[in-house]
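Single-structure report; data block below.
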Amino acid sequence: MEHPLRVDEISALEAPRVADAVSFAAPVAPLPPLPNLSASDVTFLRPSDPHYRDFLAAANTRTQLSPALRAVCKTDRAVAAMIAWVRSNGLTFAVRCGGHSYEGFSQSKDVVIDVRGMAGIAVDKASSLVTIGSGASLYHIYQALAGQGLALQAGSCATVGISGHILGGGHGLLARSHGLTCDSIEQVTMVDSQGRVFQASATSEVDIDWACKGGGGGSFGIATEFKLRVFPLKTVLVFGVTWTLSQAHAAKMFAAWQAFAPNAPSTITSIVKVQSAAGGMITVRCIGQSVGSEAELRAGLQPLLALDRPSTALSIKSLGFLDAVTHFAGTLDYESIYMKAKSDYVLGPLGADAIQHMIAAVAASSGVALLCDAYGGKIADVAADATAFPRRKGTQFCIQYYSSWMHAADTAAHIAKVAKVYAAMRPFMPGASYVNYCDLDLPNYANAYWGANLPRLREVKAQYDPDNVFHHAQSVPLPPQA
């Protein structure tokens, strides 16, 4: 999943942030005999194993669990065997890649089927395709592609795993120029609840191919490999500019960004971050990336620059693709922090009253940032029902309400602040949310995540996992019984 801390553009030299240690006791009941798999298929890790903690950390410390068994799978065979084993023994389990699920859906106190043992990356420059093991991280993919002068449109957090990111849609700083990450899928290798290994594409297993493009992870099976379309890209423009403004001026600046960002040339993808500052002021920071010309970018930003004098001047730099990744990623080390996020899709421009309420709510809630990712461009070129991801044409931007902290004692206060800002915006929002910013507070998560695509997703669920083997608190539900 996308990492919101990256919009701070912190230095790559900054030490990784690690929150208070969390320890959870594993179940005392002994496990059944393990599947007969070789070391070339899987590495089994129990709490007593010296390497157990090497695989433990979750990005959201608030959700971290210590499983009785972690099976780091290296082959499709191992994944199929583990599915059969947990199913036949009635064990609860989770599927883990990067471990960035906001609500810990990749965590379990019993068994974790971990795909990080399948992280190979094979680049075919001639066909502009890359074959990626489902346990690979985004940065390693970017690194392999950049060496061939190629790129993939995906998120900015270096340690996010490809699987959860792409299965939920995947938004990043090349989204408006090249689409969502799931739009790059050519083929997915899956293992289903019966242990069957198959390839889904536009011409084979087409329903699961459709569902894998925005339906989210953990509902249909375990993806073990992706074949993705990539494209030539050597350099990009990165930009950033900051204003510190009164609430009234911040509202006008946000309105100007809203008029610009979703309607800008598709070469430009921008994010705006809004948060409180000292003395009742508001910080508005606009950052982004462009694959177009500097003249085009400056022309697009000019209405914002003319509205108010920046507190930090506009910076535009031409960087190599991988350098741009590092610029926004900051540290390449795995970070573990406490966090809470909620999200809204803005499906039509916000009116002045809504913007004023938003700014006032942020001003009253220090420690909560609003992170708004512009949509439009190539994202909107795909029909809303062509993939499971429904927020296409007409979607203006995604708002993420975000807070992070370092100590467990601060958890309740931060969660309450996020909830307060989110509640202030309910009268103005359509009730649409992003599955990759999963939120256990949603009263009707399935409609919020998938909208009109939910009925087909439920039918795909019934077809590929009728016994609901793959489930978590917000997985795709089975169709209602007649």
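The values are calculated or read from the model by the stated rules, or taken from the named source; none is laboratory data. The shown structure was predicted, so the numbers you read here are calculated from the model rather than taken from an experiment. No Cβ is skipped: glycine too gets one built from the backbone with ideal geometry, and neighbour counts run over all protein chains shown.
Remarks
- Any hit, the range 277-287, residues being within 23 Å of the chain's Cα centre (by Cα) and under 16 Å from GLY377 (Cβ atoms): no
- Being in contact with a strand residue (DSSP E or B) (Cβ under 9 Å, 6 or more places away or on another chain), on the phi > 0 side of the Ramachandran plot and modelled with pLDDT of 95 or more is a condition met by no residue of the range 85-95.
- Checking ILE337, ILE316 one by one, the residue that is touching a strand residue (DSSP E or B) at 6+ places or on another chain (Cβ under 8 Å) and surrounded by 16 or more Cβ atoms within 10 Å (Cβ to Cβ) is ILE337 and no other.
Results for (1) closer than 30 Å to ARG87 by Cβ; (2) of a type outside the set (Ser, Thr, Tyr), shown as yes or no for each residue.
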residue: TYR422; (1), (2): no, no
residue: MET429; (1), (2): no, yes
residue: ASN436; (1), (2): yes, yes
residue: LEU457; (1), (2): yes, yes
residue: TYR464; (1), (2): yes, no
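- Residue in the range 293-308 that is within 17 Å of LYS234 (Cα to Cα), under 27 Å from the mean Cα position of the chain (by Cα) and polar (S, T, N, Q) present: no
- Assessment of the range 323-333 against the conditions (part of a helix (DSSP H, G or I) and more than 27 Å from the chain's Cα centre (by Cα)) yields no matching residue.
- Residue-level analysis places ALA360 among those that are farther than 30 Å from PRO265 by Cβ and at pLDDT 95 or above.
- Total residues in the range 87-116, condition surrounded by fewer than 22 Cβ atoms within 10 Å (Cβ to Cβ) and part of a helix (DSSP H, G or I): 2
- Among the residues making up the range 171-193, those that are over 17 Å from ILE222 (Cβ atoms), not in a helix (DSSP H, G or I) and not hydrophobic (A, V, I, L, M, F, W, C) are HIS171, GLY172, GLY179, GLU186.
- Cβ separations smaller than 9 Å between residues 6+ apart or across chains give the following pairs from the range 181-198 residues that are at positive phi to residues that are basic (Lys, Arg) and not in a strand (DSSP E or B): GLY195/ARG87.
- Residue match in the range 107-127 (condition: over 20 Å from LYS74 (Cβ atoms), under 18 Å from the mean Cα position of the chain (by Cα) and assigned by TED's automatic domain parsing to the domain that holds LEU65): yes
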